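So the structure is just underneath, and the comments pick up after that.
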Amino acid sequence: MSQLPTQPPVGLRDWLLSDRPQSRRQARFGRMYAVWNRFAENRLALIGLAILLGLLFVAIFAGVLAPHSPVQGDLRNSRLLPPGSPGFWLGTDDQGRDILSRLLYGSRLTLLVVFLVAIIAAPIGLIMGTVAGYAGGWVDAILMRITDIFLAFPKLVLALALVAALGPGIENAILAIAVTSWPPYARIARAETMTFRNSDYISAVRLMGASPLRIVFLHIIPLCMSSLIVRVTLDMAGIILTAAGLGFLGLGAQPPLPEWGAMIASGRRFILDQWWVAAMPGFAILIVSLGFNLLGDGLRDALDPKEAGQ
């Protein structure tokens, strides 16, 4: 007489894909593996992930990979050399500095802006949106009217005004971009919360005596995380362009920091004859922005609950 197996399926993949998980850890890892499988089916998303992993690698090892100093050049012997010159693969700028080295070091500033804006703006928008959606009433009205005020101004214009008031610099640019980036996250979190707050799951937690604060932070916010992650990833390209715009106008990172927008600004005087001075940092912005967009599209498809059920 055959007996039903009492041991978990043999093999890691079978353990992850089991439809009867034996623990919360197995269920959690199983969901993560399923999301990765859906993400890996999108080849463009994998290309975006590869681009961003390459950016992270370059930023970490810029000191090893850069052949020259990013802030010092030789005005006498290496000014405005074209790409392919001996020792200068991407050419040099008007100060005789190696463009490749400046791009490699500039990737650190790009990641710094993206990371700091994400950890400042996303939590602010998430908390305001979930609190407004769950509380409702006058709390919702006040928080959403504040959000509407920020949304009424174009993001770049508001960032320009804030940086002009605070003073030029990479720190003030990051703060200004973060202040202008949180309202869309609040709107998304509020919409998600309003769909969850009357669900059976939240009602059961409420009947168990959980406080509104506990419900919001321990139960509703985790449910909103997937949508927020997708939106933040898709917004990274816009954040990079806003930071580059501030740098181009001289309100972001200040010389001699190798910020990509400032590099384009310094090269616009030579755009017709020495095109590479402005084109190389512009191409870097294009590639990184494309990588974030491709990754965001892949995450949106992988984390979509409708896709998960198919």
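Any read-out appearing in this document is the output of simple, stated calculations on the displayed coordinates, not a laboratory observation. Everything numeric in this text was worked out from a predicted model, so none of it was measured. Cβ sites come from the backbone with ideal geometry, for glycine too, and all protein chains shown count toward neighbours.
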Inter-site label distance for LEU249 and SER85 at 7 Å from Cα along Cβ, in nm: 3.3 nm
Reported label for calculated Cα extents along the principal axes in Å given (1) 56, 46, 37; (2) 86, 61, 27; (3) 81, 55, 36: (2)
Environment charge at ILE215 (Cβ cut-off 13 Å; Lys +1, Arg +1, Asp -1, Glu -1): +3
Note, ³J(HN,Hα) from phi for region 291-297, Karplus 6.51, -1.76, 1.60, rounded to Hz, x at Gly and Pro: x, 5, 5, 5, 5, x, 4
Cα centre as origin, Lys/Arg/Asp/Glu Cβ charges: the chain dipole, Debye: 560 debye
Gain in span if fully extended, TYR201 to SER23, counting 0.36 nm per residue against the direct Cα distance: 62.1 nm
Pairwise label distance in nanometres, LEU290 with PHE150, each label 7 Å out on the Cα-Cβ vector: 3.2 nm
Neighbour cut-off at most 13 other Cβ (10 Å), DSSP loop, trypsin sites (Lys or Arg not before Pro), region 29-104: ARG76
Under the Karplus curve 6.51 cos²θ - 1.76 cosθ + 1.60, θ = phi - 60°, whole-Hz ³J(HN,Hα) for region 15-28, x wherever Gly or Pro sits: 5, 6, 8, 4, 7, 10, x, 8, 7, 5, 4, 5, 5, 5
Neighbour net charge for VAL139 - beta-carbon separation under 14 angstrom, K R +1, D E -1: +2
The chain, helix-only ellipticity at 222 nm - DSSP H runs n ≥ 4, -39,500 (n - 2.57), divided by all residues, nearest 500: -23000 deg cm²/dmol
Net +/- balance of residues flanking SER227 in space, Cβ distance below 10 Å, scoring K and R +1, D and E -1: 0
Degrees, to the nearest 10: 43-60 long Cα axis against longest axis of the chain: 60 degrees
Qualifying chymotrypsin sites (Phe, Trp or Tyr not before Pro) for region 6-113 [loop in DSSP, other Cβ within 10 Å: at most 11]: PHE61
